[in-house]
Amino acid sequence: MEAVSFDAATARIFNRRPGGSRHLAYQDANGSICLWCHSDLARGGVAVSAGAVEWLDGMPGAHFIRLTNAKGGLDRVLAADQVPLGPVRSGYHGTYHIVDQRDLEVPDFSPVPF
């Protein structure tokens, strides 16, 4: 059974440049891996290296991605398959996806009027 959350209390740095990226990868005591993607994009989103995502996909265990951007007040850890990766783009540091902070917001659960 795969982990449903990443245990940050037991996490240790596992890889300092996964997939040749500028991200960090941590592994917890359960063997789950979390890719930490930090960005300072003005609109609060996060640039996620496509190479790092590909590297993570090839690793065993449960996969998580931490998205942080101090400008947007963003600090979220999500299961990798729940991260709304935008289309692949090319830039100075290679190929990447943009995770728009607005795509991480979900509406409150409320009753549907009939």
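The values are calculated or read from the model by the stated rules, or taken from the named source; none is laboratory data. What you are looking at is a predicted structure, and each value in this text was computed from that prediction instead of being measured. We work out accessible area using only protein heavy atoms, side chains counted, and drop any ligands, DNA or RNA first. Shrake-Rupley method; radii C 1.70, N 1.55, O 1.52, S 1.80 Å.
What number comes out for accessible area per residue over the chain if the probe is 1.4 Å? Units Å², please. I get 65 Å² per residue for the chain.
For the chain, with all protein chains in place and a probe radius of 1.4 Å, 53% of the accessible heavy-atom surface sits on carbon or sulfur.
Rolling a 1.4 Å probe over the protein chains gives residue 14 an accessible area of about 80 Å². Springs join every pair of Cα atoms under 10 Å in this Gaussian network model of the chain, and among 52, 42, 25 the largest mean-square fluctuation is at 42.
Going through (i) 2, 14, 26, 29, 20, 7, 1, 0; (ii) 2, 12, 19, 22, 22, 15, 5, 2, 1, 0; (iii) 2, 12, 22, 23, 18, 11, 6, 3, 2, 1, 0, the figure that equals P(r) over Cα pairs in 5 Å bins from 0, in percent as computed for the structure here is (iii). In a GNM of the chain with a 10 Å cut-off on Cα contacts, which of 82, 27, 101 has the highest mean-square fluctuation? The residue that fluctuates most here is 82.
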